[in-house]
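The next block holds one structure in the form of structure tokens; read it before the comments.
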Amino acid sequence: MPVSLGVQKDHGFDDPLGLLFDCHRRIELFLKMLLKVANDLQGSPLDKQHRDALEAALRYFSTAMPRHTADEEKSLFPRLRQMDAPEADEALKRIEVLEADHIAADRDHQRVDIVGRKWLAEGQLSQPELGELMTLLNRLQQMYSRHINVEDTSLFPAARQLLSKEQVREIGREMAERRGLKPVQF
């Protein structure tokens, strides 16, 4: 039997807030991959390792990221907005900024995807294209650093305290359905 030391298993749909936290780690990982490819190669031809990393990161941000945003904006945020508790006030103040971040991130990721796919198709980037890619990736890194910190250290802990077990179960079911998975009872 294989043994994994120090490796934490991802949360399941029975702990949707933990799953959102895990997704943040993947966002950080794939953004770091994009930055490494851009920094290592500076727009020059892609070797297999860098090509695979670029493809994986672009795929992650084009498929998983919209689901993550929907998990927050369609499942978590509306439930927090319904809270009539003083403890929810601070979290509610942050939601509008987080939603604005989602819009800006989506716009930047769409452009990163276009430039990244051009790099994959044509084999290299011009210096202006590389400059644009680096600007976008650095802006995303700064935004995610702040955004993820707010959610991980403030919003998610508040949600754990405020949401009922049934609300948490509903969020988990909605997240599973968003991924085309059959809802399970937990």
### Query
If the Cβ limit is 8 Å and pairs must be 6+ apart or interchain, which residue in segment 123-142 that is in contact (Cβ under 8 Å) with a residue 60 or more places away in the chain and closer than 18 Å to L29 by Cα pairs with which residue that is outside any loop (DSSP other than H, G, I, E, B) and of a type in the set (G, A, S)?
L133/A38; L133/G116; M134/A38; L137/A38; L140/A105
### Message
Can you tell me which condition R94 does not meet? The list is (1) among the charged types (D, E, K, R); (2) at pLDDT 95 or above; (3) surrounded by 12 or more Cβ atoms within 10 Å (Cβ to Cβ), and all the others hold.
### Response
(2)
### Unique residue being farther than 30 Å from R169 by Cα and assigned to a helix (DSSP H, G or I) when the list is H109, H68
H109
### Task
Take V112 and decide whether it is crowded, with 18+ Cβ neighbours inside 10 Å, under 15 Å from the mean Cα position of the chain (by Cα) and hydrophobic (A, V, I, L, M, F, W, C).
yes
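Please find, among R173, R160, R169, the residue that is closer than 18 Å to I95 by Cβ and either in contact with a strand residue (DSSP E or B) (Cβ under 7 Å, 6 or more places away or on another chain) or assigned to a helix (DSSP H, G or I) (or both). Before the answer, list the steps.
Details: R173 fails: closer than 18 Å to I95 by Cβ; R169 fails: closer than 18 Å to I95 by Cβ.
So the residue among R173, R160, R169 that is closer than 18 Å to I95 by Cβ and either in contact with a strand residue (DSSP E or B) (Cβ under 7 Å, 6 or more places away or on another chain) or assigned to a helix (DSSP H, G or I) (or both) is R160.
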### Task
Identify, by number, the condition in (1) assigned to a helix (DSSP H, G or I); (2) of a type outside the set (F, W, Y); (3) surrounded by 14 or more Cβ atoms within 10 Å (Cβ to Cβ) that T135 doesn't meet.
(3)
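The values are calculated or read from the model by the stated rules, or taken from the named source; none is laboratory data. Since the model is a prediction, treat every value here as computed from it, not as a measurement. Don't worry about glycine lacking a Cβ; one is built from the backbone with ideal geometry, like all the others, and counts go over all protein chains shown.
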